């Protein structure tokens, strides 16, 4: 036991700065706050990121549909030499 204590003091761990106080005889060591549940935290950053990614994805789908769609052609052709068909 002495060897362990001298090694601890040699390593710079000194127990003279630690202040202890005795517990009351009827104290069981528990406090009420350690059993109190905190309200759940709302992940605002994750919700904002999900909404942002949803909007970007929706816009990309809409733009993709515009690129895949054939150009609008009028059924009345006034100048047939201007049309590509």
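The table that follows gives values for the structure above.
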| item | result |
| --- | --- |
| Residue under evaluation residue 82, criteria (1) surrounded by 10 or more Cβ atoms within 10 Å (Cβ to Cβ); (2) modelled with pLDDT under 95, criterion not met | (1) |
| The lone exception for residue 67 - which of (1) at pLDDT below 95; (2) surrounded by 10 or more Cβ atoms within 10 Å (Cβ to Cβ); (3) assigned to a helix (DSSP H, G or I) it fails | (2) |
| Complete set of residues in the range 18-47 that are in a loop (DSSP other than H, G, I, E, B) and under 32 Å from the mean Cα position of the chain (by Cα) | 31, 36, 37, 38, 39, 40, 41, 42, 43 |
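The values are calculated or read from the model by the stated rules, or taken from the named source; none is laboratory data. Computed from a prediction, not measured in an experiment: that's the story for all the values here. Note that we place each Cβ from the backbone using ideal geometry, even for glycine, and neighbour counts take in every protein chain shown.
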